[in-house]
Amino acid sequence: MKIVEYLFRKVVPLFFGALCFFAFILLLVDLMMNLWNYISNGVSGLRVARIMLLYLPKTVWYSTPIAIL
């Protein structure tokens, strides 16, 4: 069991770090792709933040396979 615990201590933090990184990158890509639409339609910053928050589960779903690798 010590090997399993050792692997979890080494792999799990790396996985969560990669997951956060790739989810953040996907959020930034989506924001930059839609930034002109937000500006031209006069969307407030709070509304954009809410849209990004609602898009977060999808980015985590997409970045999980990449983070596992």
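All of the numbers you see were taken from the coordinates with simple rules; none came from a lab. As the structure is a computational prediction, the values presented were derived from the model and not from experiment. Note that each Cβ is placed from the backbone with ideal geometry, even for glycine, and that neighbours are counted across all protein chains shown.
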Which members of the stretch 28-69 meet the condition of being within 30 Å of L7 (Cα to Cα) and of a type outside the set (S, T, N, Q)? L56, P57, K58, V60, W61, Y62, P65, I66, A67, I68, L69
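Taking the condition in contact (Cβ under 8 Å) with a residue 24 or more places away in the chain and under 17 Å from the mean Cα position of the chain (by Cα), does L26 pass?
Details: in contact (Cβ under 8 Å) with a residue 24 or more places away in the chain: yes; under 17 Å from the mean Cα position of the chain (by Cα): yes.
It is true that L26 is in contact (Cβ under 8 Å) with a residue 24 or more places away in the chain and under 17 Å from the mean Cα position of the chain (by Cα).
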Could you please give the count of residues in the stretch 11-56 that are surrounded by 13 or more Cβ atoms within 10 Å (Cβ to Cβ) and among the hydroxyl-bearing types (S, T, Y)? 2
